[in-house]
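The structure under discussion appears below in the form of structure tokens.
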Amino acid sequence: MHYFHQVDDPHSHLAVQKLDALRGGYDLPFESHLVSAPATKYQGDSERFEAWARRDARSIAAGYGVTFEPIGPPPASAVHAANEHLAAIRGHDSFAGEAFAVGESLWAGRALPDPGRGTAGVEAVREGNALRTRLGHYLGGTCYFEGEWFWGIDRLRSLEQRLRDEGIQGPRGRTLVPEPTPLSATGAGASGVLLEYFPSLRSPYTAVGHAGVMDLIQRSGVTAKLRPVMPMMMRGVPAPRAKQLYIITDAAREARARHVPFGRIVDPFGPPVVRAFDLYAGAVALGRGDAFVTAYLSAAWAEGVDITRDAGLRQVTERAGLDWSQLLQHTSEAASHALLEENLSAMLDVGLWGVPSFRVSGGNTLDAFACWGQDRLWRIEDEIARRAT
């Protein structure tokens, strides 16, 4: 097992707090490595990336029983000192505990011992980066086991499942790092709470999480507003090959874990997805926008329907309870463009750029809460439940 730790990465700080539990629970050796931040091309929106990471890690820490209370981004000198301190103990059993202690000081703004002119940390990071690249990843807070990557504290449950599948001895009948259990929003009557849901039609994570989102809306009674946006790569957000490969394999793994149909894919990249969004605007005008998105995601990501052609879009239309001729009459490129731009602006305003994203507001709390990812549904449900009480 390889673990890659980035000292100034919030998600690494969460993950390393569970490393000793995993080491103690499973009978296999762990090797720890130091790495630096991902290159800009892997960050998506590099202007928002670091602030999002701090906010996201802080919002989920308590749910996982770990801590993260940053006062701001640590300076480069402190990052250097942290790497110098940890470089000498990468192979020791004490690494996780020391990395947590160093991280606590780093994020709290407390001074670390002066490393002088030492370069051990620089060399350790160089070696860690090289190994991470060679094995095919780009982020810190990641574990690698026998050809498979697991990013962040969220995927440690998936790592544990892989270990059990391999027959590696571990704790019987339980997962050491399960997904948090939220307060239940079922029957909450949360009509005074607004859930804004930002999906995209060309998003594997949207396809994996969509049924869960719609189920949560139905169970909680929350007031929901579906706000689709154009795919990231069609908005100029970069996604190098290593990132694309991780996203699709991770999404497939999440689908299997959540028993969501997924894998018979027809990629609608380019003009086909623009055409679909034009039709979506017509579906909204006819009061069936949500149904259109649901039918489209299933067709494109689970059923292998050729949604790049009108024949496939007709199937989507019929499943959404719409008449094809009537939908075409209400389809408008101008309306679609205005709708997508408005939704994108709203999503960027809360510091998010990827999908699916969410914003929860109203209820008994003034400040809005926003987060990104289908694996944050537990956090969304908890937020709705708390605001509805």
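Assorted remarks:
- In region 249-266, the residues that are loosely packed, with under 15 Cβ neighbours inside 10 Å and either hydroxyl-bearing (Ser, Thr, Tyr) or within 23 Å of GLY44 (Cβ to Cβ) (or both): THR249
- Residue list for region 24-70, restricted to those being part of a loop (DSSP other than H, G, I, E, B) and free of Cβ contacts under 8 Å to residues at least 24 places away in the same chain: GLN43, GLY65
- Selected residue (only one of GLU127, GLU148, GLU98 is farther than 30 Å from THR249 by Cα and surrounded by 12 or more Cβ atoms within 10 Å (Cβ to Cβ)): GLU98
- Hey, ALA190 outside any helix (DSSP H, G or I), surrounded by 18 or more Cβ atoms within 10 Å (Cβ to Cβ) and either modelled with pLDDT of 95 or more or not assigned by TED's automatic domain parsing to the domain that holds ARG264 (or both) or not: yes
- Candidates ALA108, ALA81, ALA101 - the one that is out of contact with any His (no Cβ under 8 Å at 6 or more places or on another chain), among the hydrophobic types (A, V, I, L, M, F, W, C) and closer than 14 Å to GLN17 by Cβ: ALA101
- Just so you know, in region 1-44 the residues that are among the hydrophobic types (A, V, I, L, M, F, W, C) and modelled with pLDDT under 95 include one that is surrounded by the fewest Cβ atoms within 10 Å (Cβ to Cβ), and it is LEU28.
- Region 71-91: number of residues that are among the polar types (S, T, N, Q) and without any contact (Cβ under 8 Å) to a residue 40 or more places away in the chain: 1
- Here SER200, SER220 are screened, and the one residue that is closer than 21 Å to SER345 by Cα, outside the structural domain of PHE150 (by TED's automatic domain parsing) and among the small types (Gly, Ala, Ser) is SER200.
- Looking across region 132-145, just one residue is in contact with a strand residue (DSSP E or B) (Cβ under 7 Å, 6 or more places away or on another chain), surrounded by fewer than 24 Cβ atoms within 10 Å (Cβ to Cβ) and of a type in the set (Ser, Thr, Tyr), and that is TYR144.
- Set side by side, the residues ARG55, ARG23, ARG48, ARG110 differ, and just one is farther than 20 Å from TRP151 by Cβ and not hydroxyl-bearing (Ser, Thr, Tyr), which is ARG110.
- One residue stands out in region 45-89 among those that are touching a strand residue (DSSP E or B) at 6+ places or on another chain (Cβ under 7 Å) and more than 22 Å from ARG155 (Cβ to Cβ): the one that is surrounded by the most Cβ atoms within 10 Å (Cβ to Cβ), namely ASN83.
- Pairs with Cβ under 8 Å, 6+ apart, first in region 276-291 and within 15 Å of MET214 (Cβ to Cβ), second in a helix (DSSP H, G or I): GLY289/TYR280; GLY289/ALA283; ASP290/MET214; ALA291/ALA283; ALA291/ARG319
- Residue match in region 259-269 (condition: closer than 16 Å to VAL229 by Cβ and out of contact with any Leu (no Cβ under 6 Å at 6 or more places or on another chain)): yes
The values are calculated or read from the model by the stated rules, or taken from the named source; none is laboratory data. If you're wondering where the values come from, they're calculated on a predicted model, not measured in any experiment. Positions of Cβ are generated from backbone atoms using ideal geometry, with glycine treated the same way; all protein chains shown enter the neighbour counts.
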